[in-house]
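The values are calculated or read from the model by the stated rules, or taken from the named source; none is laboratory data. Source: prediction; values computed, not measured. Note: ideal-geometry Cβ built from the backbone for every residue, glycine included; neighbour counts use all protein chains shown.
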Amino acid sequence: MKFIADAMLGRLAKWLRLSGFDVAYYPDISDRQVIKIAREEERTILTRDTRLLKCKGAGNAVFIQSDHISEQLCEMKNMLDFNDPELAERCVACNGRLQKVEDRDEVKGLVPDHVYYNYGGFTRCGSCGKVYWKGSHYKNIRERIRETLGKGIED
Ligand SMILES: [Zn+2]
């Protein structure tokens with residue numbers, strides 16, 4: 001299942017990407033563009049905007065009621081299939097697919113030295129090149145998603 005989040009749901013988009021879901025998000029596009037992309041790329045619209053819901057073509061949009069990230073995730077709980085084989089590690093910044101960095105020398109100079117020497121499990125975004133590592137921040141967010149949803153998410 002693919003999604004597109006409206007401008008008010010940037011945080012939710014990031015958290016879903018971190019869980020492996022394909023979520024398009026552009027902070028500065030109009031309702032009409034959201035609907036157009038949703039249709040072209042067969043994405044389900046996630047929105048906080050009741051006006052967008054009433055627009056023509058927004059038929060399958062899902063209204064997110066809460067302002068809070070944990071409640072938003074709970075609202076979506078039944079739509080999210082964490083066992084979907086299509087789930088992939090995704091770039092929180094751009095939604096690109098992450099690729100495993102086989103040779104850690106590749107990321108030397110791209111991450112802070114203390115990260116290079118203390119962490120492993122580097123991945124790199126195939127679209128924007130951003131480098132990720134399994135640091136504490138990443139773990140905390142995954143823990144929170146897991147607690148919020150009460151479902152197992154593989155590391
Ligand atoms: Zn990226």
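Return yes or no: is GLY57 away from the ligand (no atom under 16 Å from the Cβ) and surrounded by fewer than 12 Cβ atoms within 10 Å (Cβ to Cβ)?
No: the conditions fail for GLY57.
Quick check, is ILE69 in contact (Cβ under 8 Å) with a residue 60 or more places away in the chain, away from the ligand (no atom under 16 Å from the Cβ), out of contact with any Pro (no Cβ under 6 Å at 6 or more places or on another chain) and within 15 Å of ARG11 (Cα to Cα)? Full working, then the answer.
On the way: in contact (Cβ under 8 Å) with a residue 60 or more places away in the chain: no; away from the ligand (no atom under 16 Å from the Cβ): yes; out of contact with any Pro (no Cβ under 6 Å at 6 or more places or on another chain): yes; within 15 Å of ARG11 (Cα to Cα): yes.
Considered against the rule, which asks whether it is in contact (Cβ under 8 Å) with a residue 60 or more places away in the chain, away from the ligand (no atom under 16 Å from the Cβ), out of contact with any Pro (no Cβ under 6 Å at 6 or more places or on another chain) and within 15 Å of ARG11 (Cα to Cα), ILE69 comes out as no.
So, in segment 72-109, exactly how many residues are under 24 Å from ASN140 (Cβ atoms), of a type in the set (D, E, K, R), part of a helix (DSSP H, G or I) and modelled with pLDDT of 90 or more?
Residues flagged as under 24 Å from ASN140 (Cβ atoms), of a type in the set (D, E, K, R), part of a helix (DSSP H, G or I) and modelled with pLDDT of 90 or more within segment 72-109 amount to 2.
Here are some residues: ARG142, ARG124, ARG97. Which one is touching a helix residue (DSSP H, G or I) at 6+ places or on another chain (Cβ under 8 Å), within 16 Å of the ligand (Cβ to nearest atom), under 30 Å from ILE29 (Cβ atoms) and in contact (Cβ under 8 Å) with a residue 12 or more places away in the chain?
Details: ARG142 fails: within 16 Å of the ligand (Cβ to nearest atom); ARG97 fails: touching a helix residue (DSSP H, G or I) at 6+ places or on another chain (Cβ under 8 Å).
Of ARG142, ARG124, ARG97, the one residue that is touching a helix residue (DSSP H, G or I) at 6+ places or on another chain (Cβ under 8 Å), within 16 Å of the ligand (Cβ to nearest atom), under 30 Å from ILE29 (Cβ atoms) and in contact (Cβ under 8 Å) with a residue 12 or more places away in the chain is ARG124.
For segment 111-119, indicate whether the set of residues that are at pLDDT 90 or above, within 16 Å of the ligand (Cβ to nearest atom) and touching a helix residue (DSSP H, G or I) at 6+ places or on another chain (Cβ under 7 Å) is non-empty.
no
Within the bounds of segment 21-29, is there any residue that is more than 16 Å from the ligand (Cβ to nearest atom) and either under 18 Å from ALA7 (Cβ atoms) or within 20 Å of the chain's Cα centre (by Cα) (or both)?
yes
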